Amino acid sequence: MSDWVDVIAETALAEGENIVVDVDGTDIALFKIQGSFYAIEDICSHDGAEIASGLLDGDEIICPRHGARFCIKTGAVKSPPAYEAIKCFPVRIDNNTVQVRDDRWD
Ligand code: FES
């Protein structure tokens, strides 16, 4: 089972902001929405674009390359041209620090 990785201080992101963090060699886009943190892999399932620089629309991110939309909370695809979800990672707060865990190998 993988370990939780400290990524940022709980106060480091403003509402609606995101940051890309490296967790065990994987680029993960960490978002703060409505006071909660969500983490998805920073790679579009359509054609591999980084997704973190896309426009945020509520709890959806729009891929900057071809416009596919994904739910930040679940990674689910919401509109084409992508048809597969983006990997979503568990997030928790521990001692005022945001932690992410890559659970793909559990
Ligand atoms: S690479 Fe994201 S929609 Fe094409």
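Just so it is clear, none of the values below were taken in a lab; they were calculated from the coordinates. This structure is a prediction, so every number in the text was calculated from the model and none was measured. FYI the Cβ positions are ideal-geometry reconstructions off the backbone, even for glycines, and counts take in every protein chain you see.
Reported value for the chain: 86 Å³ per residue, from the convex hull of its C-alpha atoms.
Taking DSSP loops as anything outside H, G, I, E and B, show the longest stretch in the chain free of chymotrypsin sites (Phe, Trp or Tyr not before Pro) there with at most 10 other beta carbons within 10 Å.
Numbers: sites that count: 83, 105.
That gives 1-82 as the longest site-free run.
Placing +1 on each Lys and Arg Cβ and -1 on each Asp and Glu Cβ, with no other charges, gives the range 5-100 a dipole about its Cα centre of roughly 320 debye. Taking a point 7 Å out from the Cα of residue 10 in the direction of its Cβ, the residues of the range 83-105 whose backbone N falls within less than 20 Å of it are 90-101. Label separation (residue 73 vs residue 47): 3.1 nm, computed from points 7 Å beyond Cα along the C-beta direction.
If neighbour count is taken as other Cβ atoms inside 10 Å, put 30, 56 in order from fewest to most. Before the final figure, lay out each step's value.
On the way: 30 25, 56 15.
Sorted ascending by nearby Cβ count, the order is 56, 30.
Dipole of the chain computed with +1 at Lys/Arg Cβ and -1 at Asp/Glu Cβ about the Cα centre; of 97, 79, 48, farthest Cα towards the positive end is 79.
Computed over the Cα atoms of the range 46-106, the ratio of the radius of gyration to the Kirkwood radius (Rg/Rh) comes to 1.03. Summing +1 for each Lys or Arg and -1 for each Asp or Glu, what net charge is found among the other residues whose Cβ lies under 13 Å from the Cβ of residue 53? Local net charge: -3. For the range 35-106, GluC sites (Glu not before Pro) are listed when DSSP marks them as loop and at most 13 other Cβ atoms sit within 10 Å of their Cβ; the list is 84.
Measuring from a point 7 Å past the Cα of residue 96 along Cα-to-C-beta, which residues in the range 8-30 have an amide N at less than 12 Å? Backbone N within reach: 9-12.
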